[in-house]
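Each reported figure results from applying straightforward, stated rules to the coordinates on display, with no laboratory input. Keep in mind that what you see is a predicted model, and the values were worked out from it rather than measured. Here the Cβ positions follow ideal geometry from the backbone for every residue, glycine too, while neighbour counts run over all protein chains shown.
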Amino acid sequence: MSVETMMETLEETAVISLTETAAEKLDGIMREKGVRESHALRVFVSGGGCSGLQYGMTFDPAPREVDTVFMQHGVPVVIDPQSLQYMEGATIDYVDSLMGGGFHIENPNAVSSCGCGSSFKTKDQAGAGGCSSCH
């Protein structure tokens, strides 16, 4: 499915949220890379990281039929069914500080997260994994 086709079939209800700050930052990055009109933000969860699962984001030109697709503050967003089960209800923000900026995910499905903020555990994994480098 092309991004143009995807834009025509966007769902009205967002399953995860982008703050306005995050959407503005993503819009700027997409424009800088020349993909603003041809790609969507793909949000996903993969195995790994300090706590067992880690977040990821990329720009995707061709969402799949099984993806959930929606618009947040003018940014098209896609998420696959497996990632959605771990991230439904999450909020993605962009935080700019003296130590540098970055995207931050507030996930109601996470029972703990690593000190680096990019990996997490759900209640089903409560006793698994972990590392000492991010504590």
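So, with +1 on the Cβ of K and R and -1 on the Cβ of D and E, and no other charges, what is the size of the charge dipole of the range 11-88 about its Cα centre, to the nearest 20 debye?
So the magnitude is around 300 debye.
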The range 18-103, relative contact order [Cα under 8 Å, separation at least 6], %: 34 percent
Contour minus Cα-Cα span, PHE59 to ASP27, at 0.36 nm per residue, comes to 10.4 nm
